[in-house]
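> Can you keep this structure in mind? I'll have questions shortly.
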Amino acid sequence: MNSHTDLAAYRNAISSEPYDINFAYPLHPETLTSPRVRLAHFVPALHADTLWAQAEPHANELFRFYPFFPGTRLAFLASIEYIRQQPHWCIFTIFDRTREGNTGEDADGDGAVAGLMALVNTNAGNLSTEIAYVLVLPAFQHTHVARTAAALLLRYCLQTPDASPPGLGFRRVIWTANPHNAASIGLARRVGFREEGILRWTWALPDVACMRAGGNEVRRRIIGDDGSVTERSEGWGRDSVLLAVCWDDWDDGVGERVRDIIDA
């Protein structure tokens, strides 16, 4: 992040002007909505205060498997703004439609803010994207929210544009997770992702106590002129479990599984 991103993030959080989501693809609200959950593009002025008020007391737990640590409201908003500035990325607010939202959470009042989920690293030429930055607030964990939100976003990505409801027609959606994050890996598998392997040392982690447990220390061996060997710490990093769903998986049963989750 930089000072320009921080300033833009702050302005977006307090602005009454229309918010530019800067997303290169159609949103298809009907595809992102189920009877119990819906996804809508994140609008800081509407959603940030409610979400951060519930996330901040649990920040160490919620962000310990993230590749970065947004430990303050400004850092959190800056991370949202960084995503917004990428035209092929988008961050969504998760709404639980079975609960009433607080005043001001959204103009139509359709549900309570329950978390976040994003599309990142989209490659338009290869018709691929990644579901990332999954955050479900504590009050909504171990409910229908996470699996339904993931299913909705997967449908949005892999359903073809001429289907009903329409999707983006991507051919590959990936999901990466910290190897220690059993909940994230389990959620991905539940909605149809298959593990493809381990990506080694994908992230350099900040030296934050709650994140070290999910990472590995980088210790370089230094050989002296006299042949002696010492070790030097160079910070922390982590691997990532890579999971994916492709168009043929979708046609061969994942699409039906996702529909069952959405309609449950």
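Since every read-out is calculated from the coordinates, none of them should be taken as a lab result. Please read all numbers here as calculations on a predicted model, not as lab measurements. Here the Cβ positions follow ideal geometry from the backbone for every residue, glycine too, while neighbour counts run over all protein chains shown.
> Being touching a strand residue (DSSP E or B) at 6+ places or on another chain (Cβ under 6 Å), in contact (Cβ under 8 Å) with a residue 24 or more places away in the chain and within 30 Å of Arg171 (Cα to Cα), is that true of even one residue in the range 204-223?
Yes.
> Is at least one residue of the range 111-123 surrounded by fewer than 20 Cβ atoms within 10 Å (Cβ to Cβ) and either on the phi > 0 side of the Ramachandran plot or touching a residue at least 60 places away in the same chain (Cβ under 8 Å) (or both)?
The answer is yes, given that some residue of the range 111-123 is surrounded by fewer than 20 Cβ atoms within 10 Å (Cβ to Cβ) and either on the phi > 0 side of the Ramachandran plot or touching a residue at least 60 places away in the same chain (Cβ under 8 Å) (or both).
> Over 15 Å from Pro29 (Cα atoms), among the small types (Gly, Ala, Ser) and outside any strand (DSSP E or B): which single residue out of Ala146, Ala151 fits that description?
After ruling out the rest, the residue left standing is Ala146.
> I'm checking my understanding of the structure. Among residues of the range 156-173 that are buried (at least 24 other Cβ atoms within 10 Å of the Cβ) and not aromatic (Phe, Trp, Tyr), which one is nearest to Tyr25 (Cα to Cα)?
Of everything passing the filter in the range 156-173, Cys157 is nearest to Tyr25 (Cα to Cα).
> Pull up the range 175-197, narrow it to residues that are out of contact with any Ser or Thr (no Cβ under 7 Å at 6 or more places or on another chain) and among the β-branched types (Val, Ile, Thr), then point me to the one that is farthest from Val136 (Cα to Cα).
The residue in question is Val191.
> Restricting to the range 63-96, count the residues that are assigned to a helix (DSSP H, G or I) and charged (D, E, K, R).
Final tally of qualifying residues: 3.
> For the range 205-258, what are the residues that are in a helix (DSSP H, G or I) and either of a type in the set (Val, Ile, Thr) or loosely packed, with under 14 Cβ neighbours inside 10 Å (or both)?
Ala209, Asp248, Asp251, Asp252, Gly253, Val254, Glu256, Val258
> Being surrounded by 14 or more Cβ atoms within 10 Å (Cβ to Cβ), part of a helix (DSSP H, G or I) and aliphatic (A, V, I, L, M) is the filter here; which residues of the range 174-204 pass it?
Matches in the range 174-204: Ala183, Ile185, Leu187, Ala188.
> Would you say Thr160 is closer than 25 Å to Ala112 by Cα, in a loop (DSSP other than H, G, I, E, B) and not acidic (Asp, Glu)?
Judged against the criteria, Thr160 is not a match.
> Right, here's the next one. Under 6 Å between Cβ atoms, which residue pairs at least 6 apart in sequence (or on different chains) link something in the range 49-68 that is in contact (Cβ under 8 Å) with a residue 12 or more places away in the chain with a partner that is part of a helix (DSSP H, G or I) and of a type outside the set (A, V, I, L, M)?
From residues that are in contact (Cβ under 8 Å) with a residue 12 or more places away in the chain, the pairs are Trp52/Arg73; Trp52/Phe76; His58/Pro138; Asn60/Cys210; Arg64/Cys210.
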